[in-house]
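The values are calculated or read from the model by the stated rules, or taken from the named source; none is laboratory data. Bear in mind that the values here come from a model prediction, so they are computed numbers and not experimental data. Here Cβ is always computed from backbone atoms with ideal geometry, including for glycine, and neighbour counts include all displayed protein chains. When the accessible area is computed, the model is the full protein with side chains, heavy atoms only, and any ligands, DNA or RNA have been set aside. Shrake-Rupley method; radii C 1.70, N 1.55, O 1.52, S 1.80 Å.
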Amino acid sequence: EVRDPKFEKGICDMVRAIWNGEVVADSDDTVVIDRNHYFPAGAVKQAFLVSSDTTTVCGWKGRAAYYSLEINGQSYLDAAWYYPSTSEAARSIEGRIAFGPGVKIEDEGNAGRRRSLFDRFRRDPSHEHPSRSTVTHHIDAPVHDLDDDSFFAALDGQVTIADFWAPWCGPCKTLHPLFDRVSIEHSTSALQFVRVDIDDSPGIASAFNIMSIPTIVVLDAGGNEIDRETGLPSRRRLEQLVRHAGSLAHDSASTTPCRTTHE
């Protein structure tokens, strides 16, 4: 399990949202998804917010509601949005507030610097991301590499066992041969094995609240999390996760469940 304590809650840098000369929000506890900082609602100055009738739908987060900003006699329509009720995958941002491009985001005075939730995993933040050619998988293993764009489409009504990892994570590399082996033994038309590189897919990893790696998440056929293991699992624990997923896959194959869509 890889974790860097200097990035723990309460030690992270402050992030501020600024518009029309006023600090609209500031917090050391933002969640970053799709390059947007989501602030806790309590960190946003409610006096600047005006409810809007605008709503939009994100394919995997849910339905967003909007606020306009009114500060010093000026208005910015639909400047902020939040998800009152999210999909399970986006639960980490439910009720949090993000801001549009007209609002300047400063991270301890460094405007526009993206502070990824997953920087905390690195033991050496200056460590160069290794080439994909240095990461090897079992050539016959039916493990699909997914990212932010392909993850939910790839679920396709199947029970899924997802391995969240990164190329610089030693325990993740140790897990790969074991994960490949069980995928060869247990993969079926109703049960699939996938990997998600958190460096390439910060949106999905943040949505599932991945706080340490490796992390294995088991999803039912509707895309709902039903089990997880954080850190390097024993062979026995991995087989337990696979048996749990296999029983769900058997049930889904013998029935016609209502599928959950992430809209």
Kindly sort 99, 48 by accessible area of their heavy atoms, largest first, with the probe set to 1.4 Å. 48, 99
Calc'd 3J(HN,Hα), the range 164-181, phi into Karplus 6.51 cos²θ - 1.76 cosθ + 1.60 (θ = phi - 60°), Hz, glycine/Pro = x, comes to 8, 8, 8, x, 8, 8, x, x, 5, 5, 5, 6, 3, x, 5, 5, 4, 5
Protection proxy ranking, peptides 81-90, 146-155, 202-211, average beta carbon neighbours within 10 Å, highest first: 202-211, 81-90, 146-155
The range 205-251: radius of gyration over Cα atoms, expressed as a fraction of 2.2 N^0.38 Å: 1.17
Largest first, what is the accessible-area ranking of 235, 195 with a 1.4 Å probe? 235, 195
Per-residue accessible area, 1.4 Å probe, largest first, puts 181, 236 in the order 236, 181
Rounded accessible area per residue of the range 164-246, 1.4 Å, Å²: 33 Å²
